[in-house]
Amino acid sequence: MTQVLIKGGRIVTAVDDYVGDILVQEGRIEAIGRSLSAETAEVHDATGLMVFPGGIDAHVHMETPMGNDVYTCDTFESGTKSAAFGGTTTIIDFAQQFHHDSPKAALDRRLAVAEPQCSVDYAFHVILTDVNRDSLAELPDLINQDGVSSYKLYMAYPGVMMVDDAAIFKTMRQVGGHGGMAILHAENGIVIQTLIDEALEQGHTSPQYHQLTRPRLMEGEAAHRVIRIAELAEVPSYIVHLSAKEALDAVVEARDRGVHAFAETCPHYLFLDHSEYDAPGFEAAKYVMTPPLRDHECQHALWRGLQFDDLQLVATDHCPFCMNENPLGLLKSKQFGRDNFNRIPNGAPGVELRLMLLYDGGVRAGRINLNRFVQLTATAPAKMFGLFPRKGTIAVGSDADLVLFDPNETHTLSASTHHSLVDYSLFEGREVTGKVKKVFLRGQCIVDGDQWLGRPGMGQYQHRGASGRVL
Ligand code: DUC
Ligand code: ZN
């Protein structure tokens, strides 16, 4: 019987904060107490360290086709290793249904790619792009048998990913009765496309125009619209990568009326602002993610949203493309759009940095407390997406996904030390205090300081329960 004993750490959950020992048996937490002993256990001294539940990143894109044969540059192998070094032990990625495609086939394709490679646990949201009688009919079984309870719909990218309001409404009604939830990329794709076309007609091709053609108002409009559609369908809704104050206003207004509207934001919206687009030449392409970085007014609103639970979780939207064409090739690089901002692959890296940024810039900066930090990074994602209480907390019977964290170690974030294949960091040179020291996945130590002890294939697919039934 494999036993692991983690001794003397400061155990922090979304509600607790105390010093104790954790005994792990066969990958699960067997006991929590003081002065626990177990003769044959592998012992880890956590004195002076915090012990968090393993992070859950509910929004990542590993080796994902983004159209035009462009792919995100992290494989499941490199991306999950990077996640682990950042204290994330479960990721939720996406399986995309193409046109004339089956959602179940989309899931099976992604499972086949992910299964031999993942070194942390993983699950999928299914992206629907072809909502019709046949694809809708598959969803109850996907929820109940395959454990996929969240369905992503795009209100942006017309002609590629965008679906219309009827598709959103039909999907919501279909999945709602089975514990499913629609999750939305909320931007008005048609108006934004008009602005993009006009900018290009006027000869504006530089990356700065990415931001100028995706206004806050059109995020707010889509957020408002989709929350109302969900209200009519009588189901919860969840907005991904919320960045604009106008979108948050729509969430707050709905929640104040007792409507179950949920949303996530991402570290780059909390810690970076639109002045990054002033970077010279093509440098600004680093920040071409959708939605774009916003201004201080939005940042302030997002922090307030996190403090008052109008925003429920922080995910990374890890969607990495290299700045340089080599060594991974043009199709994994921002250079693909060097002559046209609208062809720059949308997305930015961050899966490794979420806990450290949020601890340093959130907890240490006095914006959120430690329990809220755990809530945002682990407990809320587990509850929102049907993984709780197996994941997302430190409790007897839960998976022993644990992070030992030194709250006092200061270090510098850099692409030269991260574990993703991407060749830049949004936070290059930023000094943070608080560092992941050891990471356990179901009781196995997979990160020990700089040492990688994980292996591809040890991550397990997670069948999830209902999504969005968080009261
Ligand atoms: N936004 C991104 O930045 N990347 C992937 C897709 C999206 O909507
Ligand atoms: Zn995304």
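The values are calculated or read from the model by the stated rules, or taken from the named source; none is laboratory data. Please read these numbers as outputs of a predicted model, since none were measured by experiment. Because the Cβ atoms are built from the backbone with ideal geometry, glycine has one as well, and the counts that use them run over all protein chains shown.
Please find, within segment 286-319, the residue that is farthest from ligand 1 (Cβ to nearest atom) out of those that are acidic (Asp, Glu) and in a loop (DSSP other than H, G, I, E, B).
Here is the first cut: in segment 286-319, the residues acidic (Asp, Glu) are 295, 297, 309-310, 317.
Filter again for in a loop (DSSP other than H, G, I, E, B), leaving 295, 309-310, 317.
On the way: 295: 18, 309: 24, 310: 21, 317: 6 Å.
Within segment 286-319, the match that is farthest from ligand 1 (Cβ to nearest atom) is 309.
Any residue that is modelled with pLDDT of 95 or more, basic (Lys, Arg) and away from ligand 2 (no atom under 16 Å from the Cβ) - is there at least one of those in segment 351-362?
no
For a quick check of your reading: which strands (runs of 3 or more DSSP E) sit entirely within segment 370-467 and have at least 3 residues that are without any contact (Cβ under 8 Å) to a residue 60 or more places away in the chain and over 18 Å from residue 52 (Cα atoms)?
Working: elements: 402-412, 431-441, 444-448.
Qualifying strands (runs of 3 or more DSSP E): 402-412.
When only residues in segment 233-243 that are at negative phi, part of a loop (DSSP other than H, G, I, E, B) and within 16 Å of ligand 2 (Cβ to nearest atom) count, which is surrounded by the fewest Cβ atoms within 10 Å (Cβ to Cβ)? Don't jump to the end; show me each part of the working.
From segment 233-243, those at negative phi are 233, 235-240, 242-243; that's our starting set.
If we keep only those that are part of a loop (DSSP other than H, G, I, E, B) too, we end up with 235-236, 240, 242-243.
Add one more test, that the residue is within 16 Å of ligand 2 (Cβ to nearest atom), and what stays is 240, 242-243.
Numbers: 240: 21, 242: 28, 243: 28.
Result: 240.
Identify, please: which residue in segment 130-160 is free of Cβ contacts under 8 Å to residues at least 60 places away in the same chain, within 16 Å of ligand 1 (Cβ to nearest atom) and in a loop (DSSP other than H, G, I, E, B) and is, among those, surrounded by the most Cβ atoms within 10 Å (Cβ to Cβ)?
157
Taking the conditions exactly as written (within 16 Å of ligand 1 (Cβ to nearest atom) and in the same structural domain as residue 212 (by TED's automatic domain parsing)), does residue 282 satisfy them or not? Spell out how you get there, then give the answer.
Details: within 16 Å of ligand 1 (Cβ to nearest atom): no; in the same structural domain as residue 212 (by TED's automatic domain parsing): yes.
In short, no.
Would you check if there is a residue in segment 327-347 being within 16 Å of ligand 2 (Cβ to nearest atom), touching a strand residue (DSSP E or B) at 6+ places or on another chain (Cβ under 6 Å), assigned by TED's automatic domain parsing to the domain that holds residue 202 and assigned to a loop (DSSP other than H, G, I, E, B)?
No, the conditions are met nowhere in segment 327-347.
If you scan segment 70-89, which residues turn out to be in a loop (DSSP other than H, G, I, E, B) and within 16 Å of ligand 1 (Cβ to nearest atom)?
In the first step, residues of segment 70-89 are kept if they are in a loop (DSSP other than H, G, I, E, B); the result is 70, 72-75, 86-87.
Those that are in a loop (DSSP other than H, G, I, E, B) and within 16 Å of ligand 1 (Cβ to nearest atom): 70, 72, 73, 74.
Within segment 223-235, is even one residue touching a Gly at 6+ places or on another chain (Cβ under 9 Å), of a type outside the set (S, T, N, Q) and within 16 Å of ligand 1 (Cβ to nearest atom)? Step through it out loud before you land on a result.
Start the filter on segment 223-235 by keeping residues that are touching a Gly at 6+ places or on another chain (Cβ under 9 Å), which leaves 230, 233-235.
Restricting the remaining residues to those that are of a type outside the set (S, T, N, Q) gives 230, 233-235.
Pick out the ones that are also within 16 Å of ligand 1 (Cβ to nearest atom) and you get none.
No, the conditions are met nowhere in segment 223-235.
Checking the conditions here, which among 206, 275 is assigned to a loop (DSSP other than H, G, I, E, B) and either more than 16 Å from ligand 2 (Cβ to nearest atom) or in the same structural domain as residue 314 (by TED's automatic domain parsing) (or both)? Outline the logic, then answer.
Values: 275 fails: assigned to a loop (DSSP other than H, G, I, E, B).
Result: 206 is the single residue among 206, 275 that is assigned to a loop (DSSP other than H, G, I, E, B) and either more than 16 Å from ligand 2 (Cβ to nearest atom) or in the same structural domain as residue 314 (by TED's automatic domain parsing) (or both).
Being away from ligand 2 (no atom under 16 Å from the Cβ), closer than 25 Å to residue 159 by Cβ and in contact with a strand residue (DSSP E or B) (Cβ under 6 Å, 6 or more places away or on another chain), is that true of even one residue in segment 245-265?
no
Being free of Cβ contacts under 8 Å to residues at least 40 places away in the same chain and within 16 Å of ligand 1 (Cβ to nearest atom) is the requirement here; does residue 98 meet it? Even if it seems obvious, please write down each step before you answer.
Working: free of Cβ contacts under 8 Å to residues at least 40 places away in the same chain: yes; within 16 Å of ligand 1 (Cβ to nearest atom): yes.
Taking the combined requirement at face value, the residue satisfies it.
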